[in-house]
Amino acid sequence: MDLPYLEDVSPGTGSLPPRAWYARSDAVSLSLNGSWRFRLSPTAFAADDSFAADGYDAGAWDTVAVPGHWVLEGHGAPVYTNMVYPFPVDPPRVPTENPTGDHLRTFDLPDDWPATGGGTLRFDGVESCARVWLNGTELGEFKGSRLPHEFAVGHLLKPSGNVLAVRVHQWSSGSYLEDQDQWWLPGIFRDVTLLHRPEGCALDFFTHASYDHRAGTGTLRVDSDVEGQVSVPELGIEVATGESVTVPVEPWTAETPRLYDGILATAGERVPLRIGFRTVAVEDGVIKVNGRRILFRGVNRHEFHPERGRALDLATMRTDVLLMKQNNINAVRTSHYPPHPAFLDFCDELGLWVIDECDLETHGFTEQEWRDNPVDDDRWTPALLDRAARMVERDKNHPSVIIWSLGNECGTGRGLEAMARWIRERDTGRLIHYEGDQSCAYTDMYSRMYADHAEVERIGRREDTDGPERRRQLPFILCEYGHAMGNGPGGLSEYQRLFEAHERNQGGFIWEWIDHGFEHPEFGYAYGGDFGEELHDGNFVCDGLLFPDRCGSPGLDAYKRVIQPVRFGYDKAAGTVRVTNLHDFADLSHLSFGWMYISDDDAVNEVGELAVPPELGPGESVELKLPDPPPASRATETFLHLTAMVGVETNWTKLDHVVARDEFALTPRPAVRVATGERPVREGDFITLGPGTFDARTGELRTLSGISLASAPRLDIWRAPTDNDNGASWQGGRRNGLLWRELGLHRMQHRLDAVELTDDALTVRTRVAPASRNIGLRAVYRWTSDAAQLRLTVSVMPEGEWTVPLPRLGIRLGLPAAYGFAHWFGGGPGEAYPDTAAASDTGRHLMPVDRMQTPYVRPQENGARAGVRWAELRAGFSGEGVRVVGDPAFWFTARRWTTEQLDAATHRTDLTPGETLWVHLDHGQQGIGSQSCGPGVLPQYELHAAPAEFSLTFSRREATPEDEPTLPPLPPFAG
Ligand code: IPT
């Protein structure tokens, strides 16, 4: 059966051979971006192609923006699936229902368009298959959505009234090769440009710029299809194409992105070159650039914008690179397709290592054990090679690109091998990555995703004996780890230690950079299923370190801290600080350093500069003596804070931007005074003890110094399961979120056993347990008072066989909604859990409770503050309120809805503030882990049901007028 072009396996017909991409030369060009006429048909051939003919009147058609996706402009809707194809798997056939968008635009040539020469029409990205006509003549058709396609059109151009017609099919055989975990978003989503091609213009060219770290020289050779001259004025270089020249240069690295401007001049065109000299190699089983081992502190980046999908503007691309730089990220894997080429220009300029990945994924074939997998079927190999060539040819002149990746999640096959072979022949200056073939037969590194810590340690020791011997000689990276879905990921510091301890472990790439949540009037941000998709994978598409609006999540703060390129140590006895430079290339001359002694009550506040030698090289450490700390006071805690800040002008951040920070406790926390001495008194239905009034029947606290509690403090172990608690369906092992619910931990019943009054205490005995189970927790609340304060000691004794960790262990109480301003001394300013606390800084923090919420796209447990010594909830910034002192320190959470409401919510817009402020004072929290796709919580961060005792002292806090600080605006949807 003869298949139509959209279903045959060929990459297309009619287009020009792939070549190097550059934004601008001195040749004239015309952007064809803008508003295009648009008509949507339900099937590929519902409408005939007469619209492409000259003189067609599209006046009645709608319009769409190019670049854009029609499903984001009111024509149909996006569809999200992770691995499954949203159509029957019967390659290369696609459904008859195949939304097809006809696009039409007319244009005139600009006045300065030369009369001679040719023209090239360039499409930088169209999903998934396009057929193109110019002035009624068919140019050809193509597949390969995130790759460029060019057509020669010079002979067809007219000075005015040119008609460009493009028919775009959502589904094509190419869709089988584009099963990436993301929204399916058809359309002309990248630029369309008409390029004038002067006589003697440049065609393809390849800039080879290596660096010899021993000699300190760079060797440049520009190979070009069209002969020309290469000049690099700054280096005094003036050579013919194809000729090599070696001169002393400063090398390019991600930390020191030194670029030299050059020009390739052919007879008819001058093309700007941005040259970075660097040499990438695997030596002694380690990836080295310019002779040094590098460590990837990376992220996986999909292209995403909450309104525009993958049609990103330059400012957004640049913002992504700036945000990465500002958060100590030094590498990006362009998961899972070549990005808009301008993104790579920013990586060159600002400095990021790039793994450029081909637009290739056939993940959905796992459903049938990889049967019919296109990457192992010779008929598809031309399409695969076409994709490889379009990536390599387009991006080969970027110094930032140091590794080519064949694609993602395609299983194994001959097609991949053919791609690797072709790439290796074409480009000897870069390495090849592909995670899916664990034999590493044709890759230069061993790569895994989501391997747990123990395995990474084994691999680091080259003890991974489950693979071929060759593999053990290769360097290792985690191309994906730390699944940042919802709250998390946890356990990053432990990975970082393994990367630093073993030379072979060269770091990893967090999955992933940004949540793909679409702005939506009803849901706030929409995820899979919100557009009524027949098949979808829910909020698995929201698993980034950034929220959809590009505000950083706590996961990003933690990652920034974990990967900071400077490490501090403190030797208290000697009074010395140890500063280690963890950069791979840079010295510390771009940083300035400060120290500070600071106490809880600000009584101590001494600051100074830390004289770190600017020339301290990568991997080197220095010990520096600090002035003696102030005499320890018994009333407060004193800390040493150390910071490294940007000290010179950069192109990626402001002066004083904090790059690294750490803190050390100089004194132990002073003992908390035990409030005791008062005697509980029963009067009618009430018991009075110091400032507290209790219900005599239930023993529940009703008022505190006249403040009526909306809900009495009582034991609480439930948290709204995080995505990482719930785990992914294909995960082996325990999925706590589900087990908790199955056990009934979300509906614990509190049985009252006794209310006892003694001389100095009110004791309430209870048992807290879920229906139908024989597990439970005995909880004894012992209340004492010194007249001003009320102290609660909670003793917990598990009963029965607890086979799962507890979600949390603490008390929850309800205060009147007016007490919505929090002050606390402890970890902050952002959220932290046992294994995500790297960015939690001890100090005094203050913010409205609304700001304490982390706006995860799918609501879930969030907002805990770690190591809180005391917290106050005030009526306004300086108003009266309630003070709680923990003994020991506690996890502090406050919100305007209950855990049950949080748990039931599917979108942020489901959460509306109520009359009560819910306060959680937790003795323990279960860690977070990364089980939404990776390993669970490390054993040391699990909260096991075990005998426990903790105390909290409550008192009323009077208003103390203080100057209200100005706070930055609230995060979105913060109530
Ligand atoms: C892995 C994919 O490579 C990535 O695209 C994304 O889906 C990620 O998981 C999860 O968000 S594949 C997974 C089955 C290990």
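The values are calculated or read from the model by the stated rules, or taken from the named source; none is laboratory data. Not measured: the values here are computed from a predicted model. With ideal geometry, Cβ positions are generated from the backbone for all residues, glycine too; neighbour counts draw on all protein chains shown. These accessible areas exclude ligands, DNA and RNA; they are computed on the full protein's heavy atoms, side chains included. Shrake-Rupley method; radii C 1.70, N 1.55, O 1.52, S 1.80 Å.
Values for this structure:
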quantity: For a label point 7 Å along the Cα-to-beta-carbon line of Thr465, residues of the stretch 404-446 with backbone N under 19 Å; calculated: 439
quantity: Loop-located GluC sites (Glu not before Pro) in the stretch 421-520 whose Cβ has at most 13 other Cβ within 10 Å (DSSP); calculated: Glu463
quantity: Surface accessible to a 1.4 Å probe, per residue, for the residues of the chain, Å²; calculated: 36
quantity: Radius ratio Rg over Rh of the chain, counting only Cα atoms, Kirkwood formula for Rh; calculated: 1.02
quantity: Largest to smallest accessible area among Ile459, Ile598 [probe 1.4 Å]; calculated: Ile598, Ile459
quantity: Sparsely packed trypsin sites (Lys or Arg not before Pro) within the stretch 596-657, loop by DSSP, other Cβ within 10 Å at most 14; calculated: Arg634, Lys654
quantity: Peptides 795-806, 146-157 ordered by average Cβ neighbours within 10 Å, highest first; calculated: 146-157, 795-806
quantity: Coil-residue trypsin sites (Lys or Arg not before Pro) of the stretch 676-737, DSSP, other Cβ within 10 Å capped at 12; calculated: Arg697
quantity: Apportionment of accessible area to carbon and sulfur, the stretch 282-561, percent (1.4 Å); calculated: 44
quantity: Centre separation in Å (Cα based) which lies between the stretch 615-690 and the stretch 568-589; calculated: 19
quantity: Distance cut-off 25 Å, percentage of C-alpha pairs in the stretch 681-965 lying past it; calculated: 46
quantity: Ellipticity estimate at 222 nm from DSSP helix runs (n ≥ 4, -39,500 (n - 2.57)) divided over the chain, nearest 500; calculated: -3000 deg cm²/dmol
quantity: Rough spin-label spacing in nm, given labels placed 7 Å along Cα→Cβ, for Asp62 and Asp372; calculated: 3.2
quantity: Rounded FRET efficiency, nearest 0.05, which uses the C-beta distance separating Ala818 from Ala635 and R0 of 30 Å; calculated: 0.45
quantity: With DNA, RNA and ligands ignored, accessible area of Met83 (1.4 Å probe; Å², nearest 10); calculated: 50
quantity: Spacing of the two label points (7 Å from each Cα toward its C-beta) at Lys654 and Val674, in nm; calculated: 5.0
quantity: Average Cα contact separation per residue, the chain, under 8 Å, 6 or more apart, as relative contact order %; calculated: 9
quantity: Computed label-point distance, nm, for sites Thr906 and Ala47 using a 7 Å Cα→Cβ extension; calculated: 3.4
quantity: Cut-off under 5 Å, modelled amide H: who pairs with Thr241 long-range; calculated: Gly228, Gln229, Val230
quantity: Highest-first arrangement of 159-166, 504-511, 407-414, where packing means the average Cβ count within 10 Å; calculated: 504-511, 407-414, 159-166
quantity: Kyte-Doolittle mean at least 0.0, axial Cα span of 15 Å or more - DSSP H helices of the chain; calculated: 314-326
quantity: Under 13 Å from the Cα of Lys143 - aspartates and glutamates, other chains or at least 8 residues apart; calculated: Glu7, Asp8, Asp124, Glu127, Glu178, Asp359, Asp386
quantity: Paramagnetic reach from Arg567 (point 7 Å along Cα→Cβ, amide N under 18 Å) across the stretch 286-309; calculated: 293-298
quantity: Binned Cα-Cα distances of the stretch 282-561, short to long, each 5 Å bin given as a whole percent; calculated: 1, 6, 12, 16, 19, 18, 15, 9, 3, 1, 0, 0
